[in-house]
1. Determine, yes or no, whether F328 is open to solvent by 70 Å² or more (accessible area, probe 1.4 Å), over 24 Å from E235 (Cβ atoms) and among the aromatic types (F, W, Y).
2. Determine whether the range 43-57 contains at least one residue that is over 30 Å from F9 (Cα atoms) and open to solvent by 80 Å² or more (accessible area, probe 1.4 Å).
3. Filter the range 75-102 for residues that are small (G, A, S) and either open to solvent by 100 Å² or more (accessible area, probe 1.4 Å) or in contact (Cβ under 8 Å) with a residue 40 or more places away in the chain (or both) and give the result.
4. Do we have any residue at all in the range 300-310 that's more than 24 Å from G441 (Cα to Cα), of a type in the set (G, A, S), outside any helix (DSSP H, G or I) and open to solvent by 20 Å² or more (accessible area, probe 1.4 Å)?
5. Identify the residue in the range 341-358 that is hydrophobic (A, V, I, L, M, F, W, C), closer than 13 Å to S302 by Cα and in a helix (DSSP H, G or I) and, among all such residues, is most open to solvent (accessible area, probe 1.4 Å).
6. I'd like the residue in the range 243-265 that is surrounded by 15 or more Cβ atoms within 10 Å (Cβ to Cβ) and free of Cβ contacts under 8 Å to residues at least 24 places away in the same chain and, out of all such residues, is nearest to P197 (Cα to Cα).
7. Looking at (1) out of contact with any helix residue (DSSP H, G or I) (no Cβ under 6 Å at 6 or more places or on another chain); (2) touching a residue at least 40 places away in the same chain (Cβ under 8 Å); (3) of a type in the set (A, V, I, L, M, F, W, C), can you tell me which one V68 breaks?
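The values are calculated or read from the model by the stated rules, or taken from the named source; none is laboratory data. It should be emphasised that the depicted structure is a prediction, and the values quoted were computed from it without experimental measurement. Note that each Cβ is placed from the backbone with ideal geometry, even for glycine, and that neighbours are counted across all protein chains shown. Heavy atoms of the whole protein, side chains included, go into the accessibility calculation; ligands, DNA and RNA do not. Shrake-Rupley method; radii C 1.70, N 1.55, O 1.52, S 1.80 Å.
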Amino acid sequence: MSDVPPAEFEGEVFNAEELLKKYRRRLPLSRFHACLSEYGDSVKADLVELINDQYAVFVSLSGQMKAVEQKSIGLEVPLDESRGFALDFRQQLEDILQSADEKLSRRAAITARVRELERFTRNAQLMQRVRRTLAESEVQRRREVDGSPLTGCIVLENLAGDVRRVQADAGSSDKLVGQVEAVSAEVAGLAAERLPPLLEELGQLSLGGDTESCAQVAAVGHLGRCLVALNRSGEFVAALVRVFVSPVLDASRSEAGEGSESLIRFLGLVEGRLLPGASARTRLLLSFSDCSTQLHSVPGLSVVSDVLALPILTYVQTYWPNVFMPAFPDAFAADFQRCEALISTCVSHMTPSEKHRFAKSEELSQHRKKWKTQVYSNLRAKECLHALEPSLSSSEVLDAAEEVQWSAEVRRQYWLRVTADIARQLRRIFSPQVFLQQLFGKSLRLALELLHRFSRAMHNVLSSESSGDSRAPYFMADVTTILLGCRSDGGEIFGMVWEAAKGGCGEHPKVAKLHTALTSAFDAVTADLRTILGDLERASTEHIVAAVAQQFGSVRLVPASFRMRNKAMPVRPSPYVDAALAMLSDYAATCAVIGDSGRQLLDTACSQLASQLGSALAGVIQTVEQQEKSMRRFAKAGGEAEEFGDTDKILIQLAIDARTFRASVMQSYGLDGASEGLEQLTSSVAKLVATYASHLPSD
């Protein structure tokens, strides 16, 4: 039993399944069963021992239990009777509660009918008063007496308010619903009948000056509030458009004439005559707006959106249906931008709530859906890519750098035809004549595609033999210029795209996230360009170093040019040095087009060439010294050697070559004398310079 401690069975809660899971992996099932059997026998033995020890107690307990059982038999009959009484009482109580619930329900129904009757009586009395007022001719008589329409319009507004209260108070099944609808239509008909003459009269008065204080304006305001209260605001808006807006639209269309720019001329005329602040009529219309502080303002009336903007857009759709298809992309873009400018101007004069309603309006949505902007985007993309096809397949270097003006302050020069073409296309994509704010996503995608194609074109150059020829610095110059333009901290390409992006989001709180997303997109598309630039720099450096190093092979011919020739003391560098410096000068002139990057390339090339020249000179010096030792042994055997012989002239020539190359690259190209290559070159001839210092020309 030691395998399963007794404590496992003595807890407050015993779980046989958990115990089995715990010991099934520790013990075989047979051993676990034996342990349980052993524990069961132990418990039985303890129980028997307990009973034997407490036998008297158990016998006494058994006797007491029998006595209790005898007493309980006598209580069964009274308990059964009590149970019957309790059940009867419960049934009676349930009957009483059910009766109370029924009476409460009947009371609630009666109360509801009373309230409904009170509401019906109240609404019926109100409707009787409305019908009585309509039936009377007092309104017309008052107008005939004082000659003012104001009193009758006030009465109609009050009647509309009463009808509105009845409509709000009456239920959907109320018997008055039909009567209310009829009276509402009658009041609205009277208001609509009075409105046109007043508006016509007001329109004539508005041509002469200030009309905001005349009775006709107040009367129109009362009629407008009457129609709005009856949910007939559309009729009031239609009347305002018919009297104040439609004549101006028709006159502007006639003046705009025909032609490709007729819509632009029309919108210009409309903006000058109808938009807020343009004329007395417009100021009069705005005085009816719900945001106006005038007493005749109409709650719920959005003049700028409902009376001005939306009717203009509907008018454009009716009389210029052909402008929505980009048959001529330039004209399409100009018309679209002019319409969007008009919409933006209207929105700038709206209240926040009016802006929200205008943005959600069905008319604005339908107007924008009519513009085939996706077709326009595809046409512009095809034009752009078609224009780039010839230059993308070539690596032509221009005779002179072509300048592209990105802005009034920024101008860039490009040496490759493909780079200049791509720069012009990028500038054109986001130019005011081509770019549409609604297509920013597609314009950005096209710009990134052009940069990717430029990267592929430069990759093809890197794969060809031209990556290491004399044109390589021009390739690097353009790649560097494009990379600078794509930087988020002042690059002209990124700045152009960012300005276009900000034009669509304004002061939106997520503008910072947009800047981060654009930065990531440009970093991703220019990653290959940065790699290609590094490869071009290495290829260009390797090419010029290999070409110039071929001239250094002539250093091995210097000893032969002095042996047994009785030449004079050398004072000029060898021809191979002049040839190497001439090639390096041409390379430096080419690197000048890159700027700082070209300077770094030139420094690297000069350092490597100095190192190679130092190695070549060291090898020749070692050979000459070995030959000199042999010749000295021969001189001792056959006679005296010359005091200043050919070997000295050879070494002096080598020292002059090294010093000339070192001085030229330091003076002409500003190479640091502490560079690794120049230090190696200096150390290779240091012994010669110290030995023949008096025979060497000054630097």
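1. yes
2. no
3. Passing the criteria: none in range.
4. Checking the range 300-310: at least one residue is more than 24 Å from G441 (Cα to Cα), of a type in the set (G, A, S), outside any helix (DSSP H, G or I) and open to solvent by 20 Å² or more (accessible area, probe 1.4 Å).
5. Checking each candidate, the answer is V347.
6. S252
7. The one condition V68 does not meet is (2).
Let's see how each residue does on (1) modelled with pLDDT of 80 or more; (2) touching a Lys or Arg at 6+ places or on another chain (Cβ under 7 Å); (3) loosely packed, with under 10 Cβ neighbours inside 10 Å:
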position: I73; (1), (2), (3): no, no, yes
position: L104; (1), (2), (3): yes, no, no
position: A112; (1), (2), (3): yes, no, no
position: L117; (1), (2), (3): yes, no, no
position: R122; (1), (2), (3): yes, no, no
position: Q140; (1), (2), (3): no, no, no
position: R143; (1), (2), (3): no, no, no
position: D146; (1), (2), (3): no, no, no
position: P149; (1), (2), (3): no, yes, no
